[in-house]
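Enquirer: Have a look at this one before I ask anything.
Every read-out reported here was derived from the displayed coordinates using simple, explicitly stated rules and does not represent laboratory data. In this text the structure is predicted, and so the values were computed from the model without any measurement. Here the Cβ positions follow ideal geometry from the backbone for every residue, glycine too, while neighbour counts run over all protein chains shown.
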Amino acid sequence: MMHTNEKLMKALKAVNFISGKSMTESELIKHRKLVEWVGRMAAPKGDVRIKSFMIGEMPCEAIKPDYAHNPSYCVLYAHGGGYIAGGLDYSRILGVKMAIATGFTTYSFAYRLAPEHQYPSALEDGLKIWDYLVNEKYSPDHIILAGDSAGGNLALCLVQRLMSEGKPLPKALILFSPWTDMTETSETYEINKDIDPILSRDYVLNAAVAYTGCKEDGDIILSDPKFSPLNGDLKGMPPVYIMAGRNGILLNDSIRLKEKLTEAGVRVKLDIEEKGWHVYPQMPIPMATRAMKRLAKHVSEIIYGNK
């Protein structure tokens, strides 16, 4: 009989099956259903209370840990999925884990997906829940902004938008294997192409084209900071904690982000798991459990100064 973790790994390998520069509607529907199924299968059960709510027409969730502490802080989390897939079922995997690890209520939101809703739809939705939390519930500097993969891209772009408008920023950022550069020029696309069990270059290209509307003969440039926050203004950002796996094709997106943040004078820590892959903390495995313990320790240091 196949072990649960083996089933999940097989499913994860199948999740990002779309290849080439285009996708059919049936492929996209199948992909989205599979992503949500993975979320329902992998999300931890118990130790939290989940409350659904709406902001306008956008579904959201508040995940409150049973052993909550310091209710004045929260985590705002943007899920991954290449901007083309993912929703509340999928976001619940890391949403629950972060709520339990930090002791803070974690908020997630089902932002609009591409290609039906291209840039800046997801960013507008991120700003919508940010404004809701700031206006109704929390001080900006009591919000930890988190995101994985495309959600990491969204988190960075959201902060850059707040900075450009001179608005208060979150307390810190937590990024899991963030997608920081849509140009696909990183060398780890090639180095790790055969060992990353989650992503492929073709899938990432598909997602970038779907989200941005970029065409070979068009005027949309993937290196534009609004798509590739690595190329945007990083000076003045709050502290950033990056978790990545050595075997992920997006590894250099994290390494280069760390280098540029350091150059900009931002407090940043890059945590690379040598045996990990793209967003490996999602998985119900000991390596992921250890990662969440490190994350909890880091959050404690950022907020309370505990070493």
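Enquirer: Restricting to the stretch 275-296, count the residues that are surrounded by 13 or more Cβ atoms within 10 Å (Cβ to Cβ) and assigned to a helix (DSSP H, G or I).
Expert: Filtering the stretch 275-296 for residues surrounded by 13 or more Cβ atoms within 10 Å (Cβ to Cβ) gives 276-285, 287-289, 291-292, 294-296.
Next cut, assigned to a helix (DSSP H, G or I) only: 280-282, 287-289, 291-292, 294-296.
Result for the stretch 275-296: 11.
Enquirer: Sticking with this structure for a sec: Give the residues of the stretch 91-119 that are surrounded by fewer than 24 Cβ atoms within 10 Å (Cβ to Cβ), of a type outside the set (D, E, K, R) and in contact with a Ser or Thr (Cβ under 7 Å, 6 or more places away or on another chain), sorted by residue number.
Expert: 118, 119
Enquirer: Can you name the residue in the stretch 249-307 that is of a type in the set (Ser, Thr, Tyr) and out of contact with any strand residue (DSSP E or B) (no Cβ under 8 Å at 6 or more places or on another chain) and, of all such residues, is farthest from residue 201 (Cα to Cα)?
Expert: Per the criteria, the residue is 304.
Enquirer: Mind checking which residues of the stretch 102-116 are in contact with a strand residue (DSSP E or B) (Cβ under 9 Å, 6 or more places away or on another chain) and either assigned to a loop (DSSP other than H, G, I, E, B) or among the small types (Gly, Ala, Ser) (or both)? Steps first, answer last, please.
Expert: Within the stretch 102-116, the subset in contact with a strand residue (DSSP E or B) (Cβ under 9 Å, 6 or more places away or on another chain) is 102-112.
Across the stretch 102-116, the qualifying residues are 103, 104, 108, 110, 111, 112.
Enquirer: Check whether at least one residue in the stretch 125-137 is touching a residue at least 60 places away in the same chain (Cβ under 8 Å), surrounded by fewer than 19 Cβ atoms within 10 Å (Cβ to Cβ) and touching a helix residue (DSSP H, G or I) at 6+ places or on another chain (Cβ under 8 Å), and report yes or no.
Expert: From the stretch 125-137, those touching a residue at least 60 places away in the same chain (Cβ under 8 Å) are 125, 128-129, 132, 137; that's our starting set.
The next check asks that each one be surrounded by fewer than 19 Cβ atoms within 10 Å (Cβ to Cβ); those that pass are 128, 137.
This time we only want the ones that are touching a helix residue (DSSP H, G or I) at 6+ places or on another chain (Cβ under 8 Å), so: none.
No, the conditions are met nowhere in the stretch 125-137.
Enquirer: Any residue that is charged (D, E, K, R) and farther than 19 Å from residue 256 by Cα - is there at least one of those in the stretch 155-162?
Expert: Going residue by residue through the stretch 155-162, those that are charged (D, E, K, R) are 161.
Restricting the remaining residues to those that are farther than 19 Å from residue 256 by Cα gives 161.
Within the stretch 155-162 (the criterion being charged (D, E, K, R) and farther than 19 Å from residue 256 by Cα), the answer is yes, since at least one residue qualifies.
Enquirer: Hey, residue 147 hits all of (1) surrounded by fewer than 23 Cβ atoms within 10 Å (Cβ to Cβ); (2) under 25 Å from residue 297 (Cα atoms) but one; which does it fall short on?
Expert: So the condition that residue 147 fails would be (1).
Conditions (1) assigned to a helix (DSSP H, G or I); (2) over 18 Å from residue 83 (Cα atoms); (3) touching a Lys or Arg at 6+ places or on another chain (Cβ under 7 Å), marked per residue:
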{"residue": "118", "(1), (2), (3)": "no, no, no"}
{"residue": "124", "(1), (2), (3)": "yes, no, no"}
{"residue": "131", "(1), (2), (3)": "yes, yes, no"}
{"residue": "135", "(1), (2), (3)": "yes, yes, no"}
{"residue": "138", "(1), (2), (3)": "no, yes, no"}
{"residue": "144", "(1), (2), (3)": "no, yes, yes"}
{"residue": "147", "(1), (2), (3)": "no, no, no"}
